[in-house]
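This report refers to the structure that appears directly beneath it.
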Amino acid sequence: MGRIVLKWGGGVITEKSAHCIARREMIASLSECAVKLAYAGHEVIIVHGAGSFGHIDAKHYRLNEGYLGDLSESGINQIEGVDVVRKQMNCLNSLVHDHLSEAASRVGKEDVKELLIITHEPRDFALNSGADFAGDIDIFALNPEESEGKYVIHLTFGDVVNCSEPTKFGILSGDHLMYRIATELTDVTHCIFAMDEPGILTEPGKNGDLITVWNPELGINGVHNETIDVTGGIFLKAEIAAKIADVVEHVWFVYGGSPELILDIVESGVTTGTKIISKA
Ligand code: IPE
């Protein structure tokens, strides 16, 4: 069986506009889904976003702009901000880790193999932001001896990473991690983005209809809330997903509050959501 790469959007696992508030019930149900996939024999890689654990303070400290020199006149210490946001990401990541461990003991399995949950902090393996960051993606694939007798879930997240001088630091989006992981590892069968919308819509909000199959020629009629979002929102996600669809067969956007949609895709190849294809 192959690898399944999942993005848990920050908008699903956190209250996006309430500072550092997690949506624990969402994390619990997504964790159960990921553990079920691992127990079914898939190698699972989860990339989670930041939501209100990263974006709000990254914006405040202007971390997405890189090092801007002395900003003490405006009361901002960016170096302190790097630390603040990294700690918040660690906090969210520990919550995710705990829910995965809890799900691992609750979900039934047919053998005694243990589940290994391995966190890779981007600040430790990635340099620079954007899709072409420097970093060894092979860490997301264990050697057969290392995974022998174990189920494995790899976990990573959008983060504040170091950048070459003079930029010093920047925000590496989970979507760029998705791109590199999905296109550089072998045997990736599925790449599924769990979002706080049912997929790509014809227009934002309640009047939007779900687009069931999307390719870049259709464009996106969306909004990007730059006042709270320091990465690219739906536009970045769709552009990246289409590139992934060049090499991965099943690329989907689904509503993360219903993780059974993810199981449907893996079990039957279809669900309610948007299937992303690279060209019309
Ligand atoms: C952003 O990561 C990381 C930080 C702001 C530290 P993502 O771009 O993957 O996060 P979401 O999914 O939009 O919240």
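Name every residue in region 253-270 that is aromatic (Phe, Trp, Tyr) and open to solvent by less than 10 Å² (accessible area, probe 1.4 Å), in order of residue number.
Phe253
Being loosely packed, with under 15 Cβ neighbours inside 10 Å, out of contact with any Leu (no Cβ under 8 Å at 6 or more places or on another chain) and of a type outside the set (Val, Ile, Thr) is the filter here; which residues of region 139-168 pass it?
Result: Asn143, Pro144, Glu145, Glu146, Glu148, Gly149, Glu165, Pro166.
Could you please find all residues in region 52-74 being open to solvent by 80 Å² or more (accessible area, probe 1.4 Å) and either closer than 19 Å to Ser129 by Cα or near the ligand (Cβ under 8 Å from one of its atoms) (or both)?
Result: His60, Arg62, Glu65, Tyr67.
Out of region 6-49, which residues are within 13 Å of the ligand (Cβ to nearest atom) and within 22 Å of Thr186 (Cα to Cα)?
Scanning region 6-49 gives Leu6, Lys7, Trp8, Ile46, Val47, His48.
Could you tell me which numbered condition Thr14 fails, if it satisfies all but one of (1) touching a Ser or Thr at 6+ places or on another chain (Cβ under 8 Å); (2) surrounded by fewer than 24 Cβ atoms within 10 Å (Cβ to Cβ)?
Answer for Thr14: the failing condition is (2).
Name the one entry in Val254, Val188, Val247 that is among the aliphatic types (A, V, I, L, M) and more than 25 Å from Lys36 (Cβ to Cβ). It would help to see each step written out before you state the result.
Numbers: Val254 fails: more than 25 Å from Lys36 (Cβ to Cβ); Val188 fails: more than 25 Å from Lys36 (Cβ to Cβ).
Within the list Val254, Val188, Val247, the selection yields Val247.
Scan region 82-105 and report the pairs whose first residue is within 21 Å of Ala38 (Cβ to Cβ) and whose second residue is open to solvent by 20 Å² or more (accessible area, probe 1.4 Å) and in a helix (DSSP H, G or I), with Cβ atoms within less than 8 Å and a gap of 6+ or a chain change.
Correct list of pairs: Leu95/Arg24; His99/Arg24; His99/Ala28; Glu102/Ala28; Ala103/Ala28; Ala103/Glu32.
May I ask you to verify whether Ile244 is hydrophobic (A, V, I, L, M, F, W, C), under 22 Å from Glu184 (Cβ atoms) and over 17 Å from the mean Cα position of the chain (by Cα)?
Here the answer is no, as Ile244 does not meet what is asked.
What number of residues within region 172-203 are within 16 Å of the ligand (Cβ to nearest atom), of a type in the set (D, E, K, R) and open to solvent by 40 Å² or more (accessible area, probe 1.4 Å)? Don't jump to the end; show me each part of the working.
Kept after step one, since they are within 16 Å of the ligand (Cβ to nearest atom), are these residues of region 172-203: 172-182, 191-197, 199-200.
After this cut, where a residue has to be of a type in the set (D, E, K, R) as well, the list is 175, 180, 196-197.
Add one more test, that the residue is open to solvent by 40 Å² or more (accessible area, probe 1.4 Å), and what stays is 196-197.
Number satisfying all stated conditions: 2.
Under the condition of being out of contact with any helix residue (DSSP H, G or I) (no Cβ under 9 Å at 6 or more places or on another chain) and of a type outside the set (S, T, N, Q), which residue from region 204-217 is least open to solvent (accessible area, probe 1.4 Å)?
Gly208
In this structure, does Asp209 turn out to be away from the ligand (no atom under 12 Å from the Cβ) and in contact with a Ser or Thr (Cβ under 9 Å, 6 or more places away or on another chain)?
On the way: away from the ligand (no atom under 12 Å from the Cβ): yes; in contact with a Ser or Thr (Cβ under 9 Å, 6 or more places away or on another chain): yes.
When the stated conditions are applied, Asp209 passes them.
So which residues in region 191-243 are at pLDDT 90 or above and acidic (Asp, Glu)?
Within region 191-243, Asp196, Glu197, Asp209, Glu217, Glu239 qualify.
Within region 105-118, is even one residue within 15 Å of the ligand (Cβ to nearest atom) and in contact with a Leu (Cβ under 7 Å, 6 or more places away or on another chain)?
no
The values are calculated or read from the model by the stated rules, or taken from the named source; none is laboratory data. Being a predicted model, the structure only gives us computed values, none of them experimental. Using ideal geometry, Cβ is built from the backbone for each residue, glycine included, and neighbour counts are taken over all protein chains shown. To get the accessible areas, we keep the full protein, side chains included, count just its heavy atoms, and leave off ligands, DNA and RNA. Shrake-Rupley method; radii C 1.70, N 1.55, O 1.52, S 1.80 Å.
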